[in-house]
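A quick write-up on the structure given underneath.
The values are calculated or read from the model by the stated rules, or taken from the named source; none is laboratory data. Worth saying up front: this structure is predicted, and the values here are computed from it rather than measured. Note: ideal-geometry Cβ built from the backbone for every residue, glycine included; neighbour counts use all protein chains shown. Just the protein is used for accessible areas: all its heavy atoms, side chains included, with ligands, DNA and RNA removed. Shrake-Rupley method; radii C 1.70, N 1.55, O 1.52, S 1.80 Å.
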Amino acid sequence: MSIGLIGTICGLVIVFLFLFVFNNVAYAQSTIIQNVSSSNSTLSVIGNAEAMVKPDKVTLTLSVETTNKTANAALIANSETMNNVLDALKSSGVKENETSTSFFNISPNYNITQEEDFRPIQSRDIIGYTVTNSITVDSPNLLNVSQWIDTAVQAGANDVSSISFILSDKKSELIKNDLLRQAIMDAKNKADISASALGLEVVGVRSIVIEGSDGIPVSSRQSFFASEAIDSATPRVSPPPIIAGEQKVTSSVNITFLIN
């Protein structure tokens, strides 16, 4: 074999070995990169937060209902009584911008007769009209609710339909934001503890879902009914205690963490 042929064969072997080593190194590098990118496992954790919240706003609904033979007479009587109620509330500390009309209705009353089988039969004969006028009081003053009820009933309100203790928009937003931060920190702490127990660590966040807040606005709804307005001959009694109380408000988040 000539020296030239031997040299050619050696050169081909060197080239072959170089290409083989190069391809294997490249393959190994791509495999490592792929393993690194896929080594970040995930851990899903739910974080919770809660707080006992006291409302800072009250909504009180009062009504005046009057009945008369004519719609005009019923309307005049209703307007007069409602004006007395509004004046009395204003004298008790209710501000003018804290009251608004929530419902108004004029409805006819029909003659109803009783048959022998005790089934009521309603004729189309109108025997009178009923006027209902409701107002809503929205106020941050929670201490005078009992007094306002007593004052309104004494002035002629004959239906105290509901009381709701709620959160103002400002306080509600502050509470929601604070509970959200607490829920996120709770989820992060749970993830750190879980990952550490497995010999891993939290290295990032893949996704977060805010579940929202429950219990906002705080509402403690009560109903009172007065069949007729209290006249001057009725002995006055202490107004019933109206207590706002507290309600538990909760918030939760679902976070998927990256662990390594």
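Only one entry of Ile210, Ile193 meets the criterion of being without any contact (Cβ under 8 Å) to a residue 12 or more places away in the chain and either open to solvent by less than 40 Å² (accessible area, probe 1.4 Å) or among the β-branched types (Val, Ile, Thr) (or both), and that entry is Ile193. Each residue in segment 86-101 was checked for being closer than 16 Å to Asp138 by Cβ, of a type in the set (A, V, I, L, M) and part of a helix (DSSP H, G or I), and 2 of them qualify. In the condition set (1) in contact (Cβ under 8 Å) with a residue 60 or more places away in the chain; (2) closer than 25 Å to Gly245 by Cα, Lys170 is compliant with all but (1). Annotation note: Cβ proximity below 7 Å between a residue of segment 60-79 that is more than 12 Å from Ile106 (Cα to Cα) and open to solvent by 50 Å² or more (accessible area, probe 1.4 Å) and a residue that is modelled with pLDDT of 95 or more and in a strand (DSSP E or B) (sequence gap 6+ or interchain) occurs for Lys69/Gly128.
Answer yes if at least one residue in segment 85-93 is within 30 Å of Gly245 (Cβ to Cβ), under 25 Å from the mean Cα position of the chain (by Cα) and surrounded by fewer than 19 Cβ atoms within 10 Å (Cβ to Cβ), and no otherwise.
Going residue by residue through segment 85-93, those that are within 30 Å of Gly245 (Cβ to Cβ) are 85-86, 88-93.
Pick out the ones that are also under 25 Å from the mean Cα position of the chain (by Cα) and you get none.
For segment 85-93, residues within 30 Å of Gly245 (Cβ to Cβ), under 25 Å from the mean Cα position of the chain (by Cα) and surrounded by fewer than 19 Cβ atoms within 10 Å (Cβ to Cβ): absent.
Of all residues assigned to segment 104-123, none qualifies as being surrounded by 13 or more Cβ atoms within 10 Å (Cβ to Cβ) and within 30 Å of Gly245 (Cα to Cα). Looking only at segment 125-143, decide whether some residue is at pLDDT below 95, among the aliphatic types (A, V, I, L, M) and either within 35 Å of the chain's Cα centre (by Cα) or within 30 Å of Ile255 (Cβ to Cβ) (or both). Yes.
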